[in-house]
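Participant: Attaching a single structure in structure tokens format; questions to follow.
Nothing in this text is a laboratory measurement; each read-out follows from the coordinates by a stated rule. Please read all numbers here as calculations on a predicted model, not as lab measurements. Positions of Cβ are backbone-derived with ideal geometry, glycine not excepted, and every protein chain shown enters the neighbour counts.
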């Protein structure tokens, strides 16, 4: 779903593509690829309540399990590695809040672990969309 107005659909689509890329193992394993998607002022409140900034997220992202969250979807001890299932994304909705700001909400599930997620993406002066804020909330 997209906000109204010219260009809203294109902006939301680009942001959705970026969010989904952040859940891909190849992107998470590459500090360079992940850095291209994280805003310089990126912050996250993970589903455990832990706070992340861009530096800490990039340092840990390659070892994280996509089920844990973010841009960053944060990982929980013992839940990383090839034995984990693939992340399932559902109910993704995007809204253009301002010309350079998109809000996404969606749900994830991996091996029965569910979370609701919310991300804010902003467009930089170079026209590139980057994730600015992410929050994950566990679903009981």
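Participant: Points 7 angstrom from Cα along the Cβ direction at residue 91 and residue 31: gap in nanometres?
Facilitator: Taking the two extended label points, one gets 3.7 nm.
Participant: If packing is taken as the average number of other Cβ atoms within 10 Å across a peptide's residues, how do 129-139, 52-62 rank, most packed first?
Facilitator: 129-139, 52-62
Participant: Stretched out fully, how many nm does the piece from residue 56 to residue 40 gain, at 0.36 nm a residue minus the Cα gap?
Facilitator: 4.6 nm
Participant: Additional query: For residue 128 and residue 107, what is the calculated FRET efficiency with R₀ set at 35 Å and r taken between the beta-carbons, to the nearest 0.05?
Facilitator: Once the sixth-power term is evaluated, E becomes 0.85.
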